[in-house]
1. Mind checking whether some residue in the stretch 51-74 is farther than 26 Å from residue 359 by Cα, open to solvent by 10 Å² or more (accessible area, probe 1.4 Å) and among the basic types (Lys, Arg)?
2. Hey, can you tell me all the residues within the stretch 183-205 that are over 22 Å from residue 218 (Cβ atoms) and open to solvent by 40 Å² or more (accessible area, probe 1.4 Å)?
3. Would you check which residues across the stretch 169-212 are in contact (Cβ under 8 Å) with a residue 60 or more places away in the chain and charged (D, E, K, R) and list them?
4. For the stretch 87-97, does any single residue satisfy the condition of being open to solvent by 10 Å² or more (accessible area, probe 1.4 Å), more than 35 Å from the chain's Cα centre (by Cα), basic (Lys, Arg) and over 22 Å from residue 209 (Cβ atoms)?
5. Quick one: how many residues across the stretch 137-170 are among the polar types (S, T, N, Q), open to solvent by 30 Å² or more (accessible area, probe 1.4 Å) and over 20 Å from residue 83 (Cβ atoms)?
6. Starting from residues that are crowded, with 18+ Cβ neighbours inside 10 Å and aromatic (Phe, Trp, Tyr), keep the ones in the stretch 520-552 and report whichever is nearest to residue 622 (Cα to Cα).
7. Can you confirm whether residue 607 is more than 20 Å from residue 552 (Cα to Cα), open to solvent by less than 30 Å² (accessible area, probe 1.4 Å) and over 30 Å from the mean Cα position of the chain (by Cα)?
8. Could you say which residue among 590, 535, 550, 560 is among the β-branched types (Val, Ile, Thr) and within 38 Å of the chain's Cα centre (by Cα)?
Amino acid sequence: PWVFGASLTALQKKDGGVRPVASGETLRRLAGKMLLVPAKGHLATHFLAQQQFGVGVASGCESVAVALRNFVAARPAAVIVLRTDFTNAFNRASRSAMAQAVAEAAPALLRYYHAAYAHPSHLAFEGALLPSAEGVQQGDPEGPAFFALSLASLWCTAPAALRGNLCFQAWILDDGVFAGTPAEIAAVLAFLAEGGPAIGLHLNLAKCEVFSDGVELPGWEAVRRLPFAALQHLGVHCGGPGAACDAFATAVANKAVLQVASLAVLARADPLAALTLLRMCGARAALNYFLRTLGPHAAWDAVDAAIRHHIDVLVCEAPTPAAMTQIALPIRMGGFGLPLLALIAPIAFFAGTLAASRLFPQHITPAIVAATSVSPTLAPFPSVTALMGEMAEMTQVETTRVRRRPQKELTDALSTATLATLLADSDAIGRARLQSLQAPTTGLWLVPTPLTSEEGVWMHRSLFPVACRLRLGNPVSATAQPCSRCEAFRGDAVTRDRFGHHALCCMAGGARCVLHNSLVDRIFADAAFGLLHPVREAHPFADGDRLDIVFRTGTCETLVDVAVTCPFRPSSIAAAGATPSGAATAYEAVKRARYGAKCRAGQELVPLVFDTFGGAGLSGRPVLSRIASAFARRFGSRTARVLFFTRLVTLVVSKCAGVVAGQG
């Protein structure tokens with residue numbers, strides 16, 4: 001019932017028609033259900049036996065780079081290193097050779113291969129259709145595996161003596177690197193040059209490189225000769241420490257600084273877009289790769305300095321040292337998700353070395369792993385260093401056990417320790433702020449949903465810096481001033497502090513009513529859209545008291561009363577500093593005391609209380625989850641759950657930032 005074509009789209013026959021289902025990873029899962037795809041472990045074992053680390057091998061690229069760097073640092077004197085290159089490899093690989101390799105090594109993939117590549121596909125070029133009869137198609141999720149199987153079929157026919165005598169050998173798809181004596185390297189070149197055309201691979205001698213320190217390779221004059229200091233493989237310097245490595249790291253850092261600087265210019269027009277790009281893009285993924293392969297380096301300090309400047313532009317005021325520490329925390333812990341490279345570099349390098357030790361135990365020994373687990377930068381965090389030591393010890397006694405994501409595990413431990421330090425060093429107001437920011441969904445205004453065209457998910461640029469300063473506990477004004485709202489509406493001459501805390505607590509002049517009504521309107525509209533049939537401003541009690549929203553299900557009524565409280569109120573600050581959204585949860589008791597005794601049988605009172613950072617109390621979260629699920633079902637996308645919460649949190653934070661910005 002399933003049709004697989006070269007377009008890599010699964011089509012399901014249903015009710016006499018053909019309906020597109022999915023592509024990419026979904027196609028892989030569908031094929032797995034039909035027993036078209038073998039177990040991942042089978043292919044991974046096959047590739048590892050052929051020294052192929054580009055398919056089915058976790059952390060393959062950085063493992064090869066780390067292992068090669070360590071090998072070069074301790075290489076024998078007479079050894080040289082060869083990097084190979086094939087001409088247009090992916091587009092020229094022989095499909096007949098690939099079919100034979102798939103049939104021999106992974107016959108379960110053969111039907112899929114024939115469905116995708118049995119006939120030439122057509123490529124459109126300037127109005128003409130060109131037949132594509134060689135190579136694998138870009139976008140095919142199994143294309144790299146097919147190519148690697150074809151290359152493995154060639155490499156496994158190399159003489160056993162040649163493959164066994166090489167000091168180092170590794171493939172990342174078509175990028176090969178080998179180390180051995182000049183005679184062995186010459187034999188590798190001869191084998192690939194002679195056997196490659198049989199599977200459609202032609203060695204490009206002009207791009208092949210040999211690295212040595214005075215050791216010659218006779219007979220292959222077309223191959224470039226370079227010193228070990230110039231060795232780069234997989235986009236990273238592998239020639240060992242020295243001036244060349246320092247220059248490479250500096251170039252990488254300078255490129256990242258330029259990208260951060262360009263985003264700082266964007267921050268003046270759209271600060272949320274600039275922050276999102278800095279966190280999601282901004283060379284972060286590439287930098288993490290370099291951190292895992294190069295490790296700690298003085299060049300990364302320039303990137304950290306550029307990030308500090310970027311935050312200065314976003315917040316419009318130099319953050320305090322405590323604020324910079326908070327910025328490095330994940331958003332779920334009250335930060336901005338911008339960790340400093342100086343802190344995460346030793347963790348990333350340790351994780352890269354740990355991954356390489358599993359794939360190259362002959363080059364990455366337990367002693368090397370243990371050496372990378374010691375870092376002076378992480379000395380203030382004993383829990384992190386202890387966890388790194390535990391992981392390092394596992395390489396000595398339990399080499400087969402794999403930590404799935406050691407870098408994430410270590411960075412989470414670092415974030416937890418950093419947050420604990422911040423909480424311990426903060427006063428009562430600081431603890432209330434930091435705990436409130438850890439409540440679920442409070443950071444969604446910093447994480448724009450993909451459905452950005454929907455109204456209410458993008459904070460206005462004039463309010464964004466104020467909201468950032470409130471989140472960081474930075475001053476929002478230069479000096480303390482009398483609160484004009486209190487004086488105008490209450491007749492009290494109350495001083496408004498520089499941090500905006502008083503403005504959030506008092507909200508005189510109807511600001512609290514505006515925020516309350518806006519919240520009720522948004523929740524009611526989304527519940528109605530989700531077909532929950534809410535009733536607005538209902539009178540469920542005999543005395544005529546109104547509640548904001550009522551949901552009726554048969555004979556049962558859910559009575560929802562919406563309220564907003566501030567964690568910095570004297571009556572709430574202790575509860576706010578004890579647990580996330582503690583102020584909102586504590587204020588629920590006030591609502592229950594007011595309305596709880598009036599509820600009759602079949603009525604359930606649900607106080608839906610938000611604090612001024614967007615966190616909801618414990619009692620209201622099930623109702624919010626119910627509305628979000630109904631909203632998402634009607635919307636037709638799981639992402640709509642995030643959209644529902646993002647609009648609520650953005651509404652609360654924006655209104656509160658507006659109140660603070662409008663003071664004085």
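The values are calculated or read from the model by the stated rules, or taken from the named source; none is laboratory data. Quick caveat: nothing in here was measured; it's all calculated off a predicted structure. Cβ placement follows ideal geometry from the backbone for every residue including glycine, while neighbour counts extend to all protein chains displayed. For accessibility, only protein heavy atoms count, side chains too; no ligands or nucleic acids. Shrake-Rupley method; radii C 1.70, N 1.55, O 1.52, S 1.80 Å.
1. Looking through the stretch 51-74, none of the residues is farther than 26 Å from residue 359 by Cα, open to solvent by 10 Å² or more (accessible area, probe 1.4 Å) and among the basic types (Lys, Arg).
2. 197, 198, 202, listed by residue number.
3. 174, 175, 207, 209, listed by residue number.
4. So far as the stretch 87-97 goes, yes, one or more of its residues are open to solvent by 10 Å² or more (accessible area, probe 1.4 Å), more than 35 Å from the chain's Cα centre (by Cα), basic (Lys, Arg) and over 22 Å from residue 209 (Cβ atoms).
5. 4
6. 551
7. No.
8. Just a single option satisfies the conditions, and that option is 560.
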